[in-house]
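> Quick one: this structure, given as structure tokens, is what I'll be asking you about.
Just so it is clear, none of the values below were taken in a lab; they were calculated from the coordinates. What you see is a predicted model, and the numbers here were worked out from it, not measured in a lab. Here Cβ is always computed from backbone atoms with ideal geometry, including for glycine, and neighbour counts include all displayed protein chains.
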């Protein structure tokens, strides 16, 4: 029987939370009294995550497990889950239980009312530092400016999407994936669901600052061309500054106070830095074009467990 709900759960070194995550998800999904499947993606974990997931698949026919041959990253793992999902609605939720599974029935209710993307919007964020909260605020503000308010604030990947929306995302092959932006771009009827985000149940975060910055860069460069226009504005600014400086030097020369070479050296350094900044931005976009042109698969599956034979 085709499931009504597919729950996609990416996992990377989550041995500390797998059992509790499975327990709470199962309790919630069984309470909804409709067919469901739990799709766990083992994203190249190095701890006991793989063995624990295999054990769950052995004892519970609703559990499916995808084992990656190598670590692909959170967004790639979620994409694999979407590819394998067969439900009429797909829920995306992390294994760390910061996004509470108990919110899923409320998302399903909105979906039943005709909303095709129900995305979780954080009302509060427990257990996160002031630095994390401030950088998140700055990031979402930047994204809204660069993309003309295309993305809602204070949202992550926690959401329920209709299978028609999932089909659209499956047809988007880019490697530098920013799923929350891709869902927003897809359109359809979308509504937020406010919820309180919990602190991580156990273990350590797998999204340190370095990975967050990479995700932010992927979001900006996948959905905005405004950084490419920065060299033009820098060029115009320093052209004006150069002309003004030239005028100042002429006035000083007439007044018998030549400015010497320091002004020229300073101007050349600033202009050189501007040029290198522009080239760096264009290089980052070209690197993404290069990654897409290679045509490598998005992920490599080493093994699957728990899937029906026809999948």
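> On a C-alpha basis, how far is the centre of segment 1-62 from the centre of segment 171-201 in Å? Whole number, if you could?
Taking the Cα centre of segment 171-201 as reference, the centre of segment 1-62 is 20 Å away.
> Spin-label point model (7 Å from Cα, Cβ direction): what's the residue 27 to residue 46 distance in nm?
3.3 nm
> Between residue 185 and residue 71, what is the FRET efficiency for a Förster distance of 30 Å, r being their Cβ-Cβ separation, to the nearest 0.05?
On the way: r = 26 Å, r/R0 = 0.88.
Between residue 185 and residue 71 the formula returns 0.70.
> Say each of residue 237 and residue 164 gets a label point 7 Å from the Cα, pointing the same way as Cα to Cβ; how far apart are those two points in nm?
Computed distance between label sites residue 237 and residue 164 equals 4.5 nm.
> Where in segment 1-36 does the label zone of residue 109 land, with the point 7 angstrom along Cα→C-beta and an amide N cut-off under 18 Å?
So the set is 28-34.
> Obtain the nm distance between the two label points defined at residue 307 and residue 194 by a simple spin-label model: each point lies 7 Å from its Cα along the Cα-to-C-beta direction.
Reported label-point gap for residue 307 and residue 194 is 4.1 nm.
> Right, next: Hey, can you rank 57-68, 90-101, 10-21, 168-179 by average C-beta count inside 10 Å, highest first? Present the calculation step by step, with values, prior to reporting the outcome.
Numbers: 57-68: 18.6, 90-101: 22.9, 10-21: 21.3, 168-179: 16.2.
Result, highest mean Cβ count within 10 Å first: 90-101, 10-21, 57-68, 168-179.
> Something else: What ranking do 37-49, 184-196 get when scored by the average of other Cβ atoms within 10 Å per residue, highest first? Intermediate values should be presented prior to the final figure.
Values: 37-49: 22.8, 184-196: 15.7.
In decreasing order of mean packing, 37-49, 184-196 become 37-49, 184-196.
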